[in-house]
């Protein structure tokens, strides 16, 4: 600037007219002019402008957060229901009371070997008889005590139990039978049974059906009808009709019609089109709890199994046709169907929603590149400033004072310079890992360590320049005018080193970004959920990702290369512009 | 002159000793040390047989590996045995550190020497041509190419090369120095196998280093081409070939040789990232593994080796300057 003023003053003294006046540019302006004439430098500026816009504005424009995880629904052939051909008898009693366990156990045990014949057993102090009414359908009867018959010589007495009234005809018949030594007789269609009790007494009882046992299960199509189809009369009539091959039956005064098919059947109220209930030997249960299987579905499964099909189509409640496949497992039929599942959308291919797909955490790669760019660029600038700050102070002091201060500081620089870089960074990374430093703190620590490890180059340059500058006349002038030392160093010497420092810093920025990326790639730098370009490429150290998902790691690498290239172009352009020897 | 050499040597030794102390201190700060993981391993192995617990193993191993000493005592012990020429046994590899070093260093040296030769063959002609046709399209092309090489991150370049040549084309293996059937090969087959595995690492290293040397050659050549004696040579009517080869290029050799002398130490320091990415068992990869495992003797040896190497090359450069250039005055 002072040079420039001098020239202007000269111009005034000579009083040149406009025609002869030489147009003079300030040194800064000349550097700028030389710079913008450099094509590569302009390309570099454009690249850097794009990178800054991409990183700092891109994050604002992107609809996603950097740690937003995306999900997708996927369909998979999963177990949906299981079906089994029923081998356990189901019991229904006349009065609705449950049948005792002992009776059921006896029944199940004996019925297996019984074949067509009737069986009888004693349980709960009563005699039980089982009558086979059809394939897999039994009527279970028992005696019901009515009276005690005593035969003592000529004294014969029929003593009715409390609350039972017997007609004379019954009493007579009982006595007759007792005299004959017991047995059964029938009056008015009712079978009476006389069994021997203590001494000369007989117990008179009726033999009556109290329960039915069947292998079929009933499902009401309308849950309101569950009561109707659970009644004893209905079941008994339905079972009988099924066994005898009839197409209609009557229960409780209502007529029903029947459509039977091998093991299953549909029951209609007479004259109605929609079935009332379906009957089947096949029991269908959902695999997961909380799933309700409709009767239609169960009927479809039963039908498919009865027809020995391995797959069937079913139109669900939404009117969508679903394909179900059936496979055997042991005695069970397992029904598989395509089901929707909710998954993290990992390694999604590029699409409009995610132009570069998603990464292994299901996060949008493009958004992470934008936020990662912020961190990469930020680390570059902060480390560069830190290096220059330390380097200028130490180099400036060392160069200005010389002597033992210089020797001491320069040996310190030597020491720092010769400490191997990567061992220190690896150890620092391991320490930060072990202390579980939070991601944000980790960035600042990383910047501090990189700055501390990298300032020696700047210090050497500053010292070297100042060593030669301090011998020049303008420094003698500052000494003569009594300017204090710190001002002499930092206001008069350091600004003269600035052009060189700016060039070096610009080139150095690229290197810092490369180093940070390398550290992050090795897993020593930026950690999840934050990202830097280096840590995004880290995904490629997994061969599977490298081979199959180029869109995750190649863009990040290109961004690094372009950014560093941009800084190098600009730095090179600046050097050419600052250097008067490089005439064009 | 002798006084300067002696003083410089003494200084270098002090720096090596201090630097080693800093490294030792940092190594000892490493939270998951080798001893701890070994104790955990042994405790887990002997847990079923009712052996010692982790705590007991830790105490015993700390005693055995002298980890109970404070940092200064530990360092002095280490320094003492080093001065007697004993660098100890590597914890991770279980053999003397120097022996392991001897096993692996040659991979790195071969890799780097080939790279250096390739670099010289590629860079110097390119740099000279670029300088001869300054600001031509060719020059711009070379500049952009050189800048691109400088700007490439090692790991990205290596990954792209692997993706292209190993996965897509299937020409090379992804990792390692030997193939799967190395043992069954004949002697020449074994050598060929290793050469084959060295191709990608060499390509990576060469591409990374080509940029710097090309730019350096171009800059120096440009300076020489602007010199008066070149104009004189042209004015004499010498052919362009003679001007370039005899007068210009010979003068650029001085800075070039000094630049390359800086590269010599890097032949031995290995190239940690490249070797790690290709798992070439050179000094870079082996020492990276040792560092990650917390192998104190090996890491210390490697770091001190690097320290000494750096110091020696700096010292040599200082002395050479003083010897070669009469304008540089020592003291």
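The values are calculated or read from the model by the stated rules, or taken from the named source; none is laboratory data. Note that the structure is predicted; figures quoted are calculated from it, not measured. We place every Cβ from the backbone using ideal geometry, glycine too, and count neighbours over all the protein chains shown.
In region B:273-283, which residues are within 18 Å of residue B:95 (Cα to Cα) and buried (at least 24 other Cβ atoms within 10 Å of the Cβ)?
B:282, B:283 - these are the residues of region B:273-283 that are within 18 Å of residue B:95 (Cα to Cα) and buried (at least 24 other Cβ atoms within 10 Å of the Cβ).
I need a count of the residues in region A:433-451 that are in contact (Cβ under 8 Å) with a residue 40 or more places away in the chain and crowded, with 16+ Cβ neighbours inside 10 Å.
Of the residues in region A:433-451, 6 are in contact (Cβ under 8 Å) with a residue 40 or more places away in the chain and crowded, with 16+ Cβ neighbours inside 10 Å.
Quick one: which helices (runs of 4 or more DSSP H) sit completely within region A:466-584 and have at least 3 residues that are closer than 30 Å to residue A:53 by Cβ?
A:494-521, A:533-537, A:550-578
Please state which one of A:427, A:419 is within 14 Å of chain B (Cβ to nearest Cβ), surrounded by fewer than 24 Cβ atoms within 10 Å (Cβ to Cβ), without any contact (Cβ under 8 Å) to a residue 24 or more places away in the chain and in contact with a helix residue (DSSP H, G or I) (Cβ under 6 Å, 6 or more places away or on another chain).
A:427
Run residue A:486 past the list (1) within 11 Å of another protein chain (Cβ to nearest Cβ); (2) farther than 30 Å from residue B:287 by Cβ and report the number of the one that doesn't hold.
If we test residue A:486 against (1) within 11 Å of another protein chain (Cβ to nearest Cβ); (2) farther than 30 Å from residue B:287 by Cβ, just (1) comes out false.
Looking at region B:22-32, which of its residues are within 22 Å of the chain's Cα centre (by Cα) and either more than 10 Å from chain A (Cβ to nearest Cβ) or surrounded by fewer than 20 Cβ atoms within 10 Å (Cβ to Cβ) (or both)?
B:22, B:24, B:26
Out of (1) touching a residue at least 40 places away in the same chain (Cβ under 8 Å); (2) surrounded by fewer than 24 Cβ atoms within 10 Å (Cβ to Cβ); (3) within 11 Å of chain B (Cβ to nearest Cβ), what's the single condition that is false for residue A:558?
(1)
If you take the residues of region A:430-444 that are in contact with a helix residue (DSSP H, G or I) (Cβ under 8 Å, 6 or more places away or on another chain) and assigned to a helix (DSSP H, G or I), which of them is farthest from the other protein chains (Cβ to nearest Cβ)?
Our first condition is that a residue be in contact with a helix residue (DSSP H, G or I) (Cβ under 8 Å, 6 or more places away or on another chain); within region A:430-444, this holds for A:430-432, A:437, A:442-443.
Retained after the next criterion (residues that are assigned to a helix (DSSP H, G or I)): A:430-432, A:442-443.
Values: A:430: 6, A:431: 6, A:432: 9, A:442: 15, A:443: 19 Å.
Among them, the one singled out is A:443.
For the structure I just gave you, tell me whether residue A:540 is modelled with pLDDT under 85, in contact with a helix residue (DSSP H, G or I) (Cβ under 6 Å, 6 or more places away or on another chain), under 27 Å from residue B:155 (Cβ atoms) and at the interface with another protein chain (Cβ under 10 Å from one of its Cβ atoms).
Taking the combined requirement at face value, the residue satisfies it.
Name every residue in region B:1-21 that is facing chain A (nearest Cβ under 8 Å) and over 16 Å from residue A:412 (Cβ atoms), in order of residue number.
The answer is none; no residue qualifies.
I'd like to verify a number: residues in region B:104-137 that are without any contact (Cβ under 8 Å) to a residue 40 or more places away in the chain, more than 14 Å from chain A (Cβ to nearest Cβ) and more than 16 Å from the chain's Cα centre (by Cα), how many?
Residues meeting the conditions: 4.
Any residue at all in region A:517-528 that's within 9 Å of another protein chain (Cβ to nearest Cβ), over 23 Å from the mean Cα position of the chain (by Cα), surrounded by 20 or more Cβ atoms within 10 Å (Cβ to Cβ) and free of Cβ contacts under 8 Å to residues at least 24 places away in the same chain? Talk me through it step by step, then tell me what you get.
So the first thing to find is which residues in region A:517-528 are within 9 Å of another protein chain (Cβ to nearest Cβ), and the list is A:517-518, A:521-522.
So of that shortlist, the ones also over 23 Å from the mean Cα position of the chain (by Cα) come out as A:517-518, A:521-522.
Subset that is surrounded by 20 or more Cβ atoms within 10 Å (Cβ to Cβ): A:517-518, A:521-522.
Okay, now just the ones that are also free of Cβ contacts under 8 Å to residues at least 24 places away in the same chain, so A:518, A:521.
Yes; the residues of region A:517-528 include at least one that is within 9 Å of another protein chain (Cβ to nearest Cβ), over 23 Å from the mean Cα position of the chain (by Cα), surrounded by 20 or more Cβ atoms within 10 Å (Cβ to Cβ) and free of Cβ contacts under 8 Å to residues at least 24 places away in the same chain.
Could you pull out the residue among B:225, B:260 that is in contact with a helix residue (DSSP H, G or I) (Cβ under 9 Å, 6 or more places away or on another chain), within 28 Å of residue B:305 (Cβ to Cβ) and touching a residue at least 24 places away in the same chain (Cβ under 8 Å)?
The conditions single out B:260.
Please indicate, with yes or no, whether at least one residue in region B:181-192 is under 26 Å from residue B:271 (Cα atoms) and touching a residue at least 40 places away in the same chain (Cβ under 8 Å).
There is no residue in region B:181-192 that is under 26 Å from residue B:271 (Cα atoms) and touching a residue at least 40 places away in the same chain (Cβ under 8 Å).
Determine, yes or no, whether residue A:161 is assigned by TED's automatic domain parsing to the domain that holds residue A:96, in contact with a helix residue (DSSP H, G or I) (Cβ under 9 Å, 6 or more places away or on another chain) and at pLDDT below 75.
So residue A:161 fails the test.
So residue A:280 clears everything in (1) surrounded by fewer than 18 Cβ atoms within 10 Å (Cβ to Cβ); (2) in contact (Cβ under 8 Å) with a residue 40 or more places away in the chain; (3) in contact with a helix residue (DSSP H, G or I) (Cβ under 7 Å, 6 or more places away or on another chain) except one condition, right? Which one?
(1)
Taking the criterion of being surrounded by fewer than 16 Cβ atoms within 10 Å (Cβ to Cβ) and modelled with pLDDT under 75, would at least one residue in region A:248-263 satisfy it?
Scanning region A:248-263 turns up at least one residue that is surrounded by fewer than 16 Cβ atoms within 10 Å (Cβ to Cβ) and modelled with pLDDT under 75.
The rows are residues; the columns are (1) crowded, with 18+ Cβ neighbours inside 10 Å; (2) at negative phi; (3) assigned by TED's automatic domain parsing to the domain that holds residue A:282.
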{"site": "A:320", "(1), (2), (3)": "no, yes, yes"}
{"site": "A:326", "(1), (2), (3)": "yes, yes, yes"}
{"site": "A:331", "(1), (2), (3)": "no, yes, yes"}
{"site": "A:335", "(1), (2), (3)": "yes, yes, yes"}
{"site": "A:348", "(1), (2), (3)": "yes, yes, no"}
{"site": "A:359", "(1), (2), (3)": "yes, yes, no"}
{"site": "A:367", "(1), (2), (3)": "yes, yes, no"}
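Let me spell it out: the conditions are (1) over 22 Å from residue A:55 (Cβ atoms); (2) within 14 Å of chain B (Cβ to nearest Cβ); (3) surrounded by 20 or more Cβ atoms within 10 Å (Cβ to Cβ), and residue A:380 meets all of them except one. Which number is the exception?
(1)
Please determine, by comparing only the residues of region A:25-75 that are surrounded by 17 or more Cβ atoms within 10 Å (Cβ to Cβ) and within 14 Å of chain B (Cβ to nearest Cβ), which one is farthest from the chain's Cα centre (by Cα).
Only one residue tops the list, namely A:34.
Filter region A:543-555 down to the residues that are facing chain B (nearest Cβ under 10 Å) and surrounded by fewer than 20 Cβ atoms within 10 Å (Cβ to Cβ), then identify the one that is nearest to the chain's Cα centre (by Cα).
So, considering only residues that are facing chain B (nearest Cβ under 10 Å) and surrounded by fewer than 20 Cβ atoms within 10 Å (Cβ to Cβ), the one nearest to the chain's Cα centre (by Cα) is A:548.
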